[in-house]
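Here's the structure, in structure tokens; my notes come after.
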Amino acid sequence: MQYIAAFDIGTTNAKGILVSRDGGIHGATTRPIHTFYEENNVEQDPEVWWQVVREIAQDWWKQGFLPEEVQVITFSGQMENCIPIDGEGQPTRRAILYSDSRADSEAKLILERFGEEEIRQKTGNHLDGQMTFPKIIWLRENEPDCFSKTKCFLISAKDYVIRQLTGRNVTDPTSAATAGIMNLQNREWFDPWLNSFELTVSCLPNLSAPEEIAGYVLEAAALFTGFKRGTPVLCGIGDAGATTLGAGVTRIGEMYAYLGTTGWVALPTSEVSPLGNGVFHLAHAPKDVLIAIAPLLNCGNVHHWALSVFGDPNLEVKEGFKYLEEIMINNDPTLGSVVFLPYLNGERCPIQDSKARGSFIGLKATTTRGELCAAVLEGVAMAIRQVLELLLDKKEIQRITLIGGGSRSRVWNQIISDVCHCDVIVPMDSEFLPALGAAAAGYICLGWANSYADFSEEVLSLKEGEKYSPNPKNIRAYDQRYQHYLQLYLAVKAFNG
Ligand code: ADP
């Protein structure tokens, strides 16, 4: 059998799958990754990424898969990191992760020097301290010894593993778009800003398309991992891009929502939306397409909060979520009146307000626990509808794909379909979608698919998902409550604190 080996180096886990030409997923293996937290600092040891890739590969060989069956190796990985390496490819310190905000003042310095509008025009995004560029400046100011040993700053966790496998420093345009220094239009590093900080483009990895061969497995890497020496290794794609591909979203008009602990709604677009609405823009794998991403700080975490408040404390988490489904299943939205604003943790999009808080309105003496719980999930569904309308500029949508842990709730999937007036598709193998998306690059490299859109049509469409359609009976009631929802944030803002 011929396989594409696809790895997804996430924040909490690394996952590996072997994908056959028919889209079959084999040898699915997961390994945990440790994170070091200290105040605002969030770090990981790049050697652990390399080690877990080795462990996953060794697991495959033990299961009886053969190194010569692997036609190509490809990756997805967490992005927006600062991974300093020396000339030999060894880390000069631990990787500073995307969620680390130590470089906020360096970001301010860059913003002052080049101006918010200029940065937005070039990179398509607002610049903040989480991005790679300000972290490089932070490192130079705060750890000069480490800085002087560093030859290259990699961006995505997978870039480091590719370096170990091939000896090449590369990254893909999706990951590079999170660095704060790539021109989003021509997908090249923007030298003048680097030069202005006495840096040159040689301190950044080469930019390659996801399906391009970054290099071939070196002798030492073959001995370490068991992969065959000379196996082609692709540049791969940062996790937001890979997830988008894995969700089958490649063309303008398609979209998906990720219901993780936090979440996002994403869609391909050809242009950057106006400044200040919290939407991020990344380069998508198809060359002329961008991904617009509306981040939601309140998503599965709100579902989890509902579990802690309305659930049965005697039940394990999995059984607890099942119990919530049961208490909501007979809820009739046409009889309800409760509206919930889900901003338990502040929000980033469509408002940017870290002090925003959640609210219930419309409580009656007859309001039940099931109704309150459903109102919580409806509130997140309304947040999704609101960012969808923002992203689509009020154009109608036909269907949305839902992925992430939250899509395990059938009740929630139906609510989202009713609130957003569109079909909802929940794909199979949701857990492995980023790795499957990374495998799309392998399909193109091997000629198994002609384009990312073909991969989506020919390979992903074979994987049947669950489909939910809007219930016409509920649409009017939800539309009315959505109008209340839209007014709620401004109405209660004065009470937040
Ligand atoms: P992340 O990887 O971002 O932490 P996940 O994709 O694992 O997030 O999603 C976590 C969310 O999945 C939870 O907050 C909850 O909404 C949902 N979830 C987890 N387990 C279940 C379950 N058994 N049934 C329904 N929903 C669940």
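The values are calculated or read from the model by the stated rules, or taken from the named source; none is laboratory data. In this text, all values refer to a predicted model and were calculated from it rather than measured experimentally. Reconstructed Cβ throughout: ideal geometry from the backbone, glycine too, with neighbour counts over all protein chains shown. We work out accessible area using only protein heavy atoms, side chains counted, and drop any ligands, DNA or RNA first. Shrake-Rupley method; radii C 1.70, N 1.55, O 1.52, S 1.80 Å.
Quick notes on this one:
- Candidates VAL52, GLY253, THR171 compared by Cα position along the dipole of the chain: farthest toward the positive end lies GLY253, with charges placed on Cβ.
- Ordered from highest to lowest accessible area with the whole protein assembly present and a 1.4 Å probe, THR178, THR334 read as THR334, THR178.
- Whole-Å distance, taken between Cα centres, linking segment 231-254 and segment 134-185: 20 Å
- Charge dipole magnitude, Cβ of K and R +1, D and E -1 - segment 359-497, Cα centre, debye nearest 20: 720 debye
- Distance between the C-alpha centres of segment 50-114 and segment 271-303: 22 Å, rounded to the whole angstrom.
- Proximal lysines relative to LYS228, as straight alpha-carbon distance under 16 Å, when same-chain residues fewer than 8 apart are discounted: LYS62
- Largest accessible area first, the listed residues MET382, MET1 line up as MET1, MET382 when surface is computed with a 1.4 Å probe on the assembled protein chains.
- 1.4 Å probe accessible area per residue over segment 15-146, in Å²: 42 Å²
- Residue-wise HN-Hα coupling along segment 9-26, computed from phi with Karplus coefficients 6.51, -1.76, 1.60 (Hz; x: Gly, Pro): 8, x, 7, 9, 9, 10, 10, x, 9, 10, 10, 8, 4, 7, x, x, 9, 10
- Whole-number percent relative contact order across the chain, with pairs defined as alpha carbons under 8 Å at least 6 apart: 15 percent
- Long pairs among LYS287/LYS395; LYS287/LYS473; LYS394/LYS493, criterion Cα-Cα beyond 32 Å: LYS287/LYS473
- Electrostatic dipole magnitude of segment 110-161 [Cβ: Lys, Arg +1; Asp, Glu -1; Cα centre; debye, to 20]: 280 debye
- Accessible surface computed residue by residue for segment 197-336, with neighbouring protein chains in place and a 1.4 Å probe, gives 42 Å² per residue.
- Dipole orientation for the chain: of the candidates LEU446, ASN345, THR12, ASN345 has the Cα lying most toward the positive pole (charges on Cβ; Lys, Arg +1; Asp, Glu -1).
- Classified by the C-alpha gyration tensor, segment 114-250 has an oblate form. Its axis ratio a/c, with a ≥ b ≥ c, is 1.5 or above, and a/b does not exceed b/c.
- Computed accessible area, TYR98, all protein chains, 1.4 angstrom probe, square angstrom: 70 Å²
- Dipole magnitude (debye, nearest 20) for segment 3-241, charges at Cβ of Lys, Arg, Asp, Glu: 580 debye
- In the chain, helical runs assigned H by DSSP with n ≥ 4 each contribute -39500 (n - 2.57); averaged across all residues and rounded to the nearest 500, the mean residue ellipticity at 222 nm is -11500 deg cm²/dmol.
- Counting only protein heavy atoms and using a 1.4 Å probe, the accessible area of THR123 comes to about 10 Å².
- The figure for ILE291 is an accessible area of roughly 0 square angstrom, using a 1.4 Å probe on the protein chains alone.
- Most positive-pole-ward Cα, VAL217, LEU390, LEU460, against dipole of the chain from beta carbon charges: LEU390
- Most to least accessible of ASP393, ASP423 (protein chains only, probe 1.4 Å): ASP393, ASP423
- Placing a pseudo-label 7 Å from each Cα along the Cα-to-Cβ vector at PHE36 and PHE114 gives an inter-label distance of 2.9 nm.
- The length gained on full extension between LEU363 and GLU143, counted as 0.36 nm times the residue separation minus their Cα-Cα distance, comes to 73.7 nm.
- A protection proxy built from the mean count of other Cβ atoms within 10 Å ranks the segments 83-92, 452-461, most packed first, as 452-461, 83-92.
- Computed in the context of the full set of protein chains, the accessible area of the chain at 1.4 Å probe radius has 49% of its extent on carbon or sulfur.
- For the pair segment 190-230 / segment 421-462, the C-alpha centres are spaced 25 Å from each other.
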